[in-house]
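The values are calculated or read from the model by the stated rules, or taken from the named source; none is laboratory data. Worth saying up front: this structure is predicted, and the values here are computed from it rather than measured. Neighbour counts run over all protein chains shown; Cβ positions are idealised from the backbone, glycine included.
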């Protein structure tokens, strides 16, 4: 039975330690990926500089400030007992 890891379920600290161990030559790429529970392909990409962060997907259309305004507006409408249509949102 082969154990697989879910996408992005490792920490940045574990990734840094695993990369350091491989760079020092203490473990192979495959061995380090198994020990620190990082998928082999992802670890390979991090080691070769093809991937920089774990962030998945595209960025938000709204800025943080505009997103906070939408949330505040939505909560205010809820307090006043008014409903919001999908178009308004």
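Within region 29-50, restricting attention to residues that are in a loop (DSSP other than H, G, I, E, B) and either in contact (Cβ under 8 Å) with a residue 24 or more places away in the chain or touching a strand residue (DSSP E or B) at 6+ places or on another chain (Cβ under 8 Å) (or both), which residue is farthest from residue 11 (Cα to Cα)? Looking at residues that are in a loop (DSSP other than H, G, I, E, B) and either in contact (Cβ under 8 Å) with a residue 24 or more places away in the chain or touching a strand residue (DSSP E or B) at 6+ places or on another chain (Cβ under 8 Å) (or both), I get 39. Yes or no: residue 84 modelled with pLDDT under 90, over 28 Å from residue 13 (Cα atoms) and touching a helix residue (DSSP H, G or I) at 6+ places or on another chain (Cβ under 7 Å)? Yes; evaluated as a whole, the condition is true for this residue. Mind listing whichever residues of region 11-28 are closer than 26 Å to residue 57 by Cα and free of Cβ contacts under 8 Å to residues at least 40 places away in the same chain? Within region 11-28, 11, 13, 14, 15, 16, 17, 18, 19 qualify.
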